[in-house]
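See structure below.
The values are calculated or read from the model by the stated rules, or taken from the named source; none is laboratory data. The structure presented is a predicted model; accordingly, all values stated were derived computationally and were not measured. Heads up, the Cβs are rebuilt from the backbone with ideal geometry, glycines too, and the neighbour counts pull from every protein chain shown. Keep in mind that these areas ignore ligands, DNA and RNA; they rest on the heavy atoms of the full protein, side chains included. Shrake-Rupley method; radii C 1.70, N 1.55, O 1.52, S 1.80 Å.
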Amino acid sequence: MATFIVLLGPPGAGKGTQADILAEKTGLAHISSGDLFRENLKRETDLGKVAKTYMDRGELVPDDVTIGMIRERLSQPDCQDGAILDGFPRTTAQAQALETMLAGFGGRVDVVPYITAPQDVLVGRIAGRWTCRAEGHIYHEKFNPPKKTGVCDIDGSVLFQREDDRAETVTRRIQVYAEQTAPLVEHYRGQGRLVEVDGSQPMEDVTAALLNSLKNAGR
Ligand code: AP5
């Protein structure tokens, strides 16, 4: 049976970093809604143009656009055994749509690790984040620096700082998370699928806690 993992947590908690590691360890596909929007932005698609107007302000892209994009991604062959969802769902409507989509594939959300960290930690992480232009590999100038400044260790592409990582946009993203996404914590807790993970620990310890949560969920 396919395995679907939803990584929940505020901006900067480490969802993307850990999703990459878990995807490598489990062989599951990593689906990041933020990365999918950024790819569309880079290719200047209509979807990318719509998404940009929201992302630049730190607002959520409308549900219908986001749900359609994830439905299409989940239908691809590499998701046959399941996926690690990073950044989706982010609203109650998205969570409901995901349940319907997965039921269509004979699956369900198996486990929801909720990665948390205090706000000052989140802000410090986002301020020092550098992302690879080609594949979105994530670095931090202090906590996870690349071997050569400004260059991705994995594919040699240029590292850049995200437009929406400017201080004022980050403040809005954290607010939007509290208003629209935090209610999903209780939604998944009520379903018995939520596992709290302390994201302020070193990366390896967060990974160990996440792997443990998958094992306990029988995955
Ligand atoms: P998205 O790209 O999803 O951003 P986010 O959720 O705000 O999360 P981040 O990518 O900022 O943080 P993260 O938790 O992945 O942390 P990371 O691993 O990078 O979304 C961007 C925008 O797209 C949204 O604002 C919205 O407009 C739109 N969007 C996306 N999904 C949407 C949806 N479903 N609906 C509507 N709109 C949507 O780590 C951060 C930094 O910390 C890195 O530098 C990393 O190296 C470092 N780090 C990580 N873990 C540790 C650790 N344990 N110790 C020290 N440093 C660490």
Label-point separation (nm) for ASP46 and VAL185, each offset 7 Å from Cα along Cα-to-Cβ? 3.9
Candidates per GluC sites (Glu not before Pro) in region 38-74, loop by DSSP, up to 10 other Cβ within 10 Å: GLU44
Where both partners of a DSSP beta bridge lie in region 94-219, what percent of those bridges are antiparallel, to the nearest 5? 60
Semi-axes (Å, rounded, descending) of the ellipsoid equivalent to region 8-54 per its C-alpha gyration tensor are 24, 13, 7
Give me the percent of the accessible area of the chain that comes from carbon and sulfur atoms, probe 1.4 Å, all protein chains in place. 51
Taking every C-alpha to C-alpha distance in the chain and binning by 10 Å from 0, the per-bin percentages run 8, 34, 41, 16, 1
Just add up the charged neighbours of ILE126: K/R +1, D/E -1, any other residue whose Cβ is under 10 Å from the Cβ of ILE126. +3
With springs only between Cα atoms under 10 Å, which of ILE70, ILE154, ILE126 fluctuates most in a Gaussian network model of the chain? ILE154
Can you work out the accessible area per residue across the chain, with the rest of the protein chains kept in place, probe 1.4 Å, in square angstrom? 49
Compute the orientation-averaged projected area for region 1-103 from the convex hull of its Cα atoms and round it to one decimal in nm². 6.5
Taking the DSSP beta bridges in the chain as the whole, what percent of them are antiparallel, to the nearest 5? 30
Region 34-98 versus region 107-133: alpha-carbon centroid distance in Å: 17
Value at 222 nm in deg cm²/dmol, rounded to 500, when DSSP H runs of n ≥ 4 in the chain each add -39,500 (n - 2.57): -13500 deg cm²/dmol
Trypsin sites (Lys or Arg not before Pro) within region 1-104, DSSP loop, no more than 14 other Cβ atoms inside 10 Å: ARG43, ARG57
Have a look at GLY87, GLY136, GLY104 and tell me which one the Gaussian network model of the chain (Cα, springs below 10 Å) gives the largest fluctuation. GLY104
How large is the translational diffusion coefficient of region 86-204 in µm² per second when you combine the Kirkwood radius over alpha carbon pairs with Stokes-Einstein at 20 °C and 1.002 mPa s? 130
Where MET1, MET203, MET69 fall by accessible area, highest first, once all protein chains stay in place (1.4 Å): MET1, MET203, MET69
Per GNM of the chain with C-alpha springs under 10 angstrom, the most fluctuating residue out of ALA167, ALA19, ALA182 is ALA167
Pairing rule first: another cysteine's C-beta must sit under 4.7 Å. Under that rule, which cysteines of the chain stay single? CYS79
Taking Lys and Arg as +1 and Asp and Glu as -1, residues besides THR92 with C-beta under 13 Å from its C-beta add up to -3
